[in-house]
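S.K.: Let me begin by handing over the structure; questions about it come next.
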Amino acid sequence: MKLVTWEEIVEWSWGLAEKIRQSGYKPDVVIAIARGGYVPARLICDFLGIENLLSIQSQHWVEAAAKGEKAIIKFEYEVDLSGMNALLVDDIVDTGESVILARDFVKKRWKPKELRIAVLQWISPVAKIKPDYYYMEVKEWVWFQYPWTRLEDVTQFIKRIVTTELKEHGKKRWTYSEIKEYFKEWYGIEVDERYYRKAVENLVESGILSRESDDIYALNVK
Ligand code: ADP
């Protein structure tokens, strides 16, 4: 897992905007693929001076680093983009399925004059599509921990740690500091304290962990 900072997001989006500018393409409208494309799309609007920003939600991944069934377009709606140059923006092309689905939908239903794809990162060995613009080519698959999925990711990764440790070593009880230590060791990254706290709270709320005392958590076995 690779931690991505807000500063890196600004750098990468800046670099991506430069590539688009240098290509001579002048988008009239930016379309963010929800939810990962929101921040890069907004920054690209700023860096290229584009006022029109739309969004389409194409969902594929159900939980962090574990694939859902397939990609679907949520909340289909109609907009007329005829005569406009459009730019579809996402954070990453991994399998490429969400981007392909969004691209096909926009082309067929919103009918822009031209549609190009821009992403921060392109995982070239696994992707079914090469975006028109990418800031970074990734040659070996890795999970990028983007700042906008920090809590969601930390929650899911802690859940994975505690369920795996139960299965493999019969470990049922955890102290809060053990949870943090395992997280750092398993994933090789550290996040702000508030994310661990809230992630553990989330797991208690969803019934995966129970708080036995101040600092002891027990895994609820189904
Ligand atoms: P795409 O259609 O853009 O290739 P996928 O269908 O593979 O994307 O994944 C959809 C979304 O899941 C991405 O836009 C991103 O938000 C998230 N995602 C996929 N792969 C990764 C990864 N390796 N690291 C971080 N986030 C990812």
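S.K.: Once fully extended, how much extra length lies between W141 and S213, figured as 0.36 nm per residue of separation less the alpha-carbon to alpha-carbon distance?
M.R.: 21.9 nm
S.K.: Suppose we look only past 26 Å in the calculated P(r) of segment 1-132. What percent of the Cα-Cα pairs does that tail hold?
M.R.: 17 percent
S.K.: Please get the size of the charge dipole for segment 47-164, origin at its Cα centre, with Cβ charges of +1 on Lys and Arg and -1 on Asp and Glu, quoted in debye to the nearest 20.
M.R.: That gives a dipole near 240 debye.
S.K.: For segment 131-211, give the percent of accessible area contributed by carbon and sulfur heavy atoms, probe 1.4 Å, rounded to a whole number.
M.R.: Looking at segment 131-211 in its full context, I get 45 percent from C and S.
S.K.: Modelling each spin label as a point 7 Å along the Cα-to-Cβ direction, I'd like the V204/T164 distance in nm, to one decimal.
M.R.: Label at V204, label at T164, 2.5 nm between them.
S.K.: Stretch W186-Q57 to full length: gain in nm at 0.36 nm per residue minus the Cα-Cα span?
M.R.: Gain on extension, W186 to Q57, equals 43.3 nm.
S.K.: Separate question: Can you pull out the chymotrypsin sites (Phe, Trp or Tyr not before Pro) in segment 1-47 whose DSSP state is coil and whose Cβ has at most 16 other Cβ atoms within 10 Å?
M.R.: Sites meeting the loop and neighbour criteria: Y25.
S.K.: Hey, what's segment 48-163 come to in accessible area per residue, 1.4 Å probe, Å²?
M.R.: About 48 Å² of surface per residue is accessible.
S.K.: Give the cross-link partners of K172 among the lysines, using a straight C-alpha distance below 25 Å as the criterion and excluding same-chain residues fewer than 8 apart.
M.R.: List returned: K159, K180, K184, K198, K222.
S.K.: With r as the distance between the Cβ atoms of E7 and F105 and R0 = 30 Å, compute the FRET efficiency 1/(1 + (r/R0)^6) and round to 0.05.
M.R.: That gives a FRET efficiency of 0.35.
S.K.: DSSP loop (so not H, G, I, E, B), at most 15 other Cβ within 10 Å: list which chymotrypsin sites (Phe, Trp or Tyr not before Pro) in segment 66-129 pass both filters.
M.R.: Taking segment 66-129 and a limit of 15 other Cβ atoms within 10 Å, the loop chymotrypsin sites (Phe, Trp or Tyr not before Pro) found are F75, Y77.
S.K.: Related question: My understanding is that a pair violates if its Cα-Cα distance is over 25 Å; which of K74/K107; K74/K139; K128/K167 do that in this structure?
M.R.: K74/K139; K128/K167, as the Cα separations exceed 25 Å there.
S.K.: What does the helix-only formula give at 222 nm for the chain: each DSSP H stretch with n ≥ 4 adding -39500 (n - 2.57), the total divided by the residues, and the result rounded to the nearest 500 deg cm²/dmol?
M.R.: It comes out at -12000 deg cm²/dmol, rounded to the nearest 500.
S.K.: Let me ask you something else. What's the longest bit of the chain with no exposed GluC sites (Glu not before Pro), using DSSP loop states and at most 15 other Cβ atoms within 10 Å as the test?
M.R.: After excluding every exposed loop site, the longest remaining stretch is 79-139.
S.K.: Separate question: In segment 109-125, which residues have a backbone nitrogen under 19 Å from the label point lying 7 Å from E18's Cα in the Cα-to-Cβ direction?
M.R.: 118-122
S.K.: What size of dipole, in debye to the nearest 20, comes out for the chain about its Cα centre when the only charges are +1 on Lys and Arg C-beta atoms and -1 on Asp and Glu C-beta atoms?
M.R.: In total the dipole reaches around 680 debye.
S.K.: In nm, to one decimal, how far is the modelled label at R42 from the one at Y77, with both set 7 Å along Cα→Cβ?
M.R.: Going by the 7 Å Cα→Cβ label model, 1.8 nm.
The values are calculated or read from the model by the stated rules, or taken from the named source; none is laboratory data. Please read these numbers as outputs of a predicted model, since none were measured by experiment. Don't worry about glycine lacking a Cβ; one is built from the backbone with ideal geometry, like all the others, and counts go over all protein chains shown. Note: areas computed on protein heavy atoms with side chains; ligands, DNA, RNA excluded. Shrake-Rupley method; radii C 1.70, N 1.55, O 1.52, S 1.80 Å.
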